[in-house]
Amino acid sequence: MFTLLTWPLMLRLPTHFFADDGDGLQNVWNLWWVARAVSEGASPWWTAHLHHPGGVSLLGHTLNPFNGFVALPLSRAFGPVVAHNLIVVGAFVIAGLTAFHLSLHLMKDRRGSLLAGFLFTFSSYHFAHAEGHLQLVSLQWIPLFLLLWIRLLERPSIAIAIAASGALVLVLLCDYYYFGFCVLAAIVVAAARRDLLRPEHRAPLGTFLAAAIVTCGPLLGALSLLALRDPLTGAHAAREFSLDLAAAWIPGGHWRFAALTRPLWSRLPGNIHESSVATGIAASVLAVLAARRGGLGPWTRAIAVAGAVFFLLALGPVLQVAGVAVLPGMPYAWLEVLLPPLRLGGTPVRMIVMTLLAISILAGAGWRILAEGPRALRIVAGAALLAILLETLPRPLPTTRAETPAYVAALRDLPPGAAVDLLHPPARALYYQTIHERPMAFGYLSRLPASVAERDARISEAIRGFDFIALCRDFDLHFAIVGPGPDGLESMPGVEVAYRDDQARILRLRCSL
């Protein structure tokens, strides 16, 4: 289904990254760096390859190390392009599979659960983030964690407790947001049942908590210490990245027929990569049908309650309708007061992923009601599938060709020394580092410690003043990538040309005249 919905994307599997040339290339670098660090026995959460000369912590960055771990064997077997693309495709396939199994456990119906898996993994949210947010594409472990959590509450055992904590670790290694969502969802689901204080629950729940602390605690603790010692920059504005009420059902900029709804989504705050999160009218109607008919099990109702809670939170601190602020003081604003670290994230709209999971499961149940009814309802069930397919169709996913310009290969072969890229956008510079593999000034990271941002500012000041001697002497930078010219840089003090072609020059920097 992924191949059909994105055709002819798969024809470019070996030659193009399934990603844009912005955040998408940032995630290509993430895979390269984590795989490199692991193969060298180093920590992936710190690198000396970016923000030279001091290096930088990657604890606050959207590193998604799980995908880097997977990329290591895949890259060795198939190369970095195929490895990246298989991770993208695999995230869609496995997310559908885990959502199917969660729905099957709750609903005991295979056809409805297949629809639930389809709706969840082929949601607008998933396709919107497939353009460049690999960490958010990797949502496949959320349904798995909830499935194991529910099984732990149903039939508590030490084995399931350990498995649930393992699933939570997988979520954390993909995305901090998703980890927080899973913890909140687990609390909401557990609160829906009042019998968790029975003696048989104590040891398994204690085991889960202990295992989660041991496995997730070190990473979260290190992130908290970093934020206290060296505050992180780069937070989003929560109001700008909140769910617009109209956008919850009207397809946005990533829909195949987005031109039809442009009058709405073009006015939404943030950008279409975040605002294209429509749950789908057909799926929502089926979900409402299932809820009104009743007969849902207690765990399904708990999932529905969790979905409603996340929907309210996704609306952000101020309710907005069609881009117009309507009501301040929404629940997310209260949550920010209770949990100040939320302000570092600032993207409440992403909470809709949990609502999408709940709607997908309920929609599968609603479709089953129609499919098992009289002939007229079965016809409606078929029409519902067509409507879902129509609302699901994504616009073509972007691809970025994997290429190695001659000057990048030349930089790789020059003598050792750190470089500063003054020619390319930050994400493109990251990608080229995966080829020349030498340390660089600057770097395109999602969250940057304040001390590193301050050092970068001093480097930028030297660049603006064309003080190439200072770049070498004070910041240990020995090469600079610049345009082909002419621009007079070759005559500047402390500069000589190490390489030139019609695309770029590589300048060798001297630390003295």
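The values are calculated or read from the model by the stated rules, or taken from the named source; none is laboratory data. Since the model is a prediction, treat every value here as computed from it, not as a measurement. Neighbour counts are summed over all protein chains in view; Cβ atoms, including those assigned to glycine, are modelled from backbone coordinates with ideal geometry.
General remarks:
- Hits in the stretch 117-141 - residues which are within 22 Å of Leu168 (Cβ to Cβ) and in a helix (DSSP H, G or I): Gly117, Phe120, Thr121, Tyr125, His126, His129, Leu134, Gln135, Leu136, Val137, Trp141
- Selection within the stretch 397-423 - touching a Phe, Trp or Tyr at 6+ places or on another chain (Cβ under 8 Å), farther than 30 Å from Trp255 by Cα and either buried (at least 17 other Cβ atoms within 10 Å of the Cβ) or of a type in the set (Gly, Ala, Ser) (or both): Tyr407, Val408, Ala410, Leu411, Gly417, Ala418, Ala419, Val420, Asp421
- Selection status of Phe208, in the same structural domain as Ile150 (by TED's automatic domain parsing), assigned to a helix (DSSP H, G or I), surrounded by 12 or more Cβ atoms within 10 Å (Cβ to Cβ) and of a type in the set (Phe, Trp, Tyr): yes
- The test for being assigned to a helix (DSSP H, G or I), of a type outside the set (Lys, Arg) and without any contact (Cβ under 8 Å) to a residue 12 or more places away in the chain holds for Ala77.
- Within the stretch 114-133, one or more residues are in contact (Cβ under 8 Å) with a residue 60 or more places away in the chain, in contact with an Asp or Glu (Cβ under 8 Å, 6 or more places away or on another chain), of a type in the set (D, E, K, R) and surrounded by 18 or more Cβ atoms within 10 Å (Cβ to Cβ).
- Residues in the stretch 302-311 include at least one that is touching a residue at least 12 places away in the same chain (Cβ under 8 Å) and within 13 Å of Leu243 (Cα to Cα).
- When Leu335, Leu312 are checked against the criterion of being at pLDDT below 95 and either out of contact with any strand residue (DSSP E or B) (no Cβ under 6 Å at 6 or more places or on another chain) or crowded, with 17+ Cβ neighbours inside 10 Å (or both), a single residue qualifies: Leu335.
- Across the stretch 435-448, the qualifying residues are those that are touching a helix residue (DSSP H, G or I) at 6+ places or on another chain (Cβ under 7 Å) and not in a loop (DSSP other than H, G, I, E, B), and the one among them that is surrounded by the fewest Cβ atoms within 10 Å (Cβ to Cβ) is Ile435.
- The single condition from (1) outside any loop (DSSP other than H, G, I, E, B); (2) at pLDDT below 95; (3) closer than 27 Å to Ala37 by Cβ that Glu490 fails is (3).
- Any hit, the stretch 287-300, residues being surrounded by 20 or more Cβ atoms within 10 Å (Cβ to Cβ), in a helix (DSSP H, G or I) and among the aliphatic types (A, V, I, L, M): yes
- Matching entry among Leu357, Leu370, Leu315 (being in contact (Cβ under 8 Å) with a residue 24 or more places away in the chain, within 15 Å of Thr279 (Cβ to Cβ), among the aliphatic types (A, V, I, L, M) and out of contact with any Ser or Thr (no Cβ under 7 Å at 6 or more places or on another chain)): Leu357
- Test: residue in the stretch 390-399 that is among the charged types (D, E, K, R), within 30 Å of Leu220 (Cβ to Cβ) and under 22 Å from the mean Cα position of the chain (by Cα): no
- Checking Tyr444 against (1) at pLDDT 95 or above; (2) under 20 Å from Gly55 (Cβ atoms), the condition it does not meet: (1)
- Here Leu153, Leu172, Leu223, Leu136 are screened, and the one residue that is in the same structural domain as Gly297 (by TED's automatic domain parsing), crowded, with 18+ Cβ neighbours inside 10 Å, under 24 Å from Leu342 (Cβ atoms) and in contact with a Lys or Arg (Cβ under 9 Å, 6 or more places away or on another chain) is Leu136.
- Look at (1) at pLDDT 95 or above; (2) part of a loop (DSSP other than H, G, I, E, B); (3) not hydrophobic (A, V, I, L, M, F, W, C) and you find that Arg455 fails only one, number (2).
- Residue list for the stretch 7-29, restricted to those being touching a Gly at 6+ places or on another chain (Cβ under 6 Å) and either among the aromatic types (Phe, Trp, Tyr) or assigned to a helix (DSSP H, G or I) (or both): Asp23, Gly24
- Members of the stretch 145-181 found to be touching a helix residue (DSSP H, G or I) at 6+ places or on another chain (Cβ under 7 Å) and outside any helix (DSSP H, G or I), listed by number: Pro156, Ser157, Asp175
- The residues in the stretch 251-272 that are modelled with pLDDT of 90 or more and either in a loop (DSSP other than H, G, I, E, B) or buried (at least 17 other Cβ atoms within 10 Å of the Cβ) (or both) can be counted, and the count is 9.
- Taken over the stretch 192-247, the criterion of being free of Cβ contacts under 8 Å to residues at least 40 places away in the same chain and of a type in the set (A, V, I, L, M, F, W, C) is satisfied by Leu197, Leu209, Ala210, Ile213, Val214, Leu225, Leu228, Ala247.
- Here the condition is being under 22 Å from the mean Cα position of the chain (by Cα), modelled with pLDDT under 95 and not charged (D, E, K, R); of Gly117, Gly132, Gly90, it holds for Gly132 alone.
- Within the stretch 56-69, the residues that satisfy the criterion of being in a helix (DSSP H, G or I) and crowded, with 20+ Cβ neighbours inside 10 Å are Pro65, Phe66, Asn67, Gly68.
- If the condition is being touching a strand residue (DSSP E or B) at 6+ places or on another chain (Cβ under 7 Å) and either more than 23 Å from Leu430 (Cβ to Cβ) or loosely packed, with under 12 Cβ neighbours inside 10 Å (or both), then the stretch 475-505 contributes Gly485, Leu489, Glu490, Gly494, Val495, Glu496, Val497.
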